[in-house]
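One structure is given here, and the rest of the page talks about it.
The values are calculated or read from the model by the stated rules, or taken from the named source; none is laboratory data. Note that this is a predicted model, so its numbers are computed, not measured. We place every Cβ from the backbone using ideal geometry, glycine too, and count neighbours over all the protein chains shown.
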Amino acid sequence: MPPDPLPELTVHHLNNSRSQRVLWLIEELDVPYTVVHYQRDPKTMLAPRTLRTLHPLGKSPVVTIGGKTIAETGLIIEYLCGRYDDGRLSPPAEPGSLTEERERWLYWMHYAEGSLMPMLLLKLVFSRMPRQSPRLLRFLVNMISKQGQQDFIDPQLEQHLDYLETCLDQGAWFGGSGFSAADIMMSFPLEAADRFGLISKRTKLSAFLARAHQRPAYRRALERGGPYAMA
Ligand SMILES: N[C@@H](CCC(=O)N[C@@H](CS)C(=O)NCC(=O)O)C(=O)O
């Protein structure tokens, strides 16, 4: 009997976005896939409304696989690893128990979007506020934006990034002794932090990003995804 054909896998990819990580993961897994491209509105940076036909929030990434539609990067990555990974990119899930290796891997899988990204999003919103406010209010908005960043966002980000720098003391990658999908999850917030100039003074995080960007699958994902301002 011929083997079952692989279900068709499609990535709904928004330019300069988190979905770049999904392309990278699939390249690492070496699974065939199709990319449907969406472009952000250059003014608002929002995704086109057509993405809402796939999921009510209209965010990217979304993948469709064998008639199923899945949103949320972490879920997509966990699902694709469960389905296609042979143990290179994710420690096995043991029913009824949580091994130390799996716990560490899951920690970074969740931390990336749950703890680090919200701080970076706050930084992005606060730093854009003055430019996007009416001219008359700009001076005031600028003051509020600066104060918010200074009092809360910047110290929080420093604390996170200092912590992450020490986490790489024991090894080159976050999820364990070798490269894993947890490093793919961590790449996007660290690339975003780099855009704010927060990475270059941290040698281990800088080296992490350089190593990630040199991976052949990362480079192939860039070719599939099109221009990516974060790398
Ligand atoms: N936590 C979600 C976040 C999804 C998300 O906000 N995606 C952004 C791209 S980085 C987006 O679609 N932005 C366009 C918009 O909000 O219209 C995930 O990781 O999938």
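The table below gives the values:
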| item | result |
| --- | --- |
| Residue that is surrounded by the most Cβ atoms within 10 Å (Cβ to Cβ) [pool: residues in the stretch 50-73 that are more than 8 Å from the ligand (Cβ to nearest atom) and in a loop (DSSP other than H, G, I, E, B)] | LEU54 |
| Failed condition for LEU89, given (1) in contact (Cβ under 8 Å) with a residue 12 or more places away in the chain; (2) out of contact with any Ser or Thr (no Cβ under 6 Å at 6 or more places or on another chain); (3) more than 20 Å from LYS43 (Cα to Cα); (4) not acidic (Asp, Glu) | (2) |
| Sole exception among (1) within 16 Å of the ligand (Cβ to nearest atom); (2) in a loop (DSSP other than H, G, I, E, B) for CYS81, by number | (2) |
| Hey, LYS68 charged (D, E, K, R) and closer than 21 Å to LEU116 by Cα or not | no |
| The stretch 155-186, residues that are closer than 29 Å to ILE77 by Cβ, assigned to a helix (DSSP H, G or I) and not aliphatic (A, V, I, L, M) | GLN156, GLU158, GLN159, HIS160, ASP162, TYR163, GLU165, THR166, CYS167, ASP169, GLN170, ASP183 |
| Candidates ILE76, ILE144, ILE153 - the one that is within 16 Å of the ligand (Cβ to nearest atom) and of a type in the set (A, V, I, L, M) | ILE76 |
| First in the stretch 216-231 and over 16 Å from LEU25 (Cα atoms), second anywhere and modelled with pLDDT under 95 and part of a helix (DSSP H, G or I), Cβ under 8 Å, 6 or more apart | none |
| Of all residues in the stretch 32-49 being within 12 Å of the ligand (Cβ to nearest atom) and in contact (Cβ under 8 Å) with a residue 24 or more places away in the chain, the one that is farthest from ASN15 (Cα to Cα) | ALA47 |
| Odd one out for ARG52, checked against (1) of a type outside the set (Gly, Ala, Ser); (2) touching a residue at least 60 places away in the same chain (Cβ under 8 Å); (3) more than 22 Å from MET185 (Cα to Cα) | (2) |
| Near pairs, Cβ below 7 angstrom, 6+ apart or cross-chain, from the stretch 169-196 (charged (D, E, K, R)) to any residue that is modelled with pLDDT of 95 or more | ASP183/TRP173; ASP183/PHE174; ASP183/ALA212; GLU191/LEU209; ASP194/LEU209 |
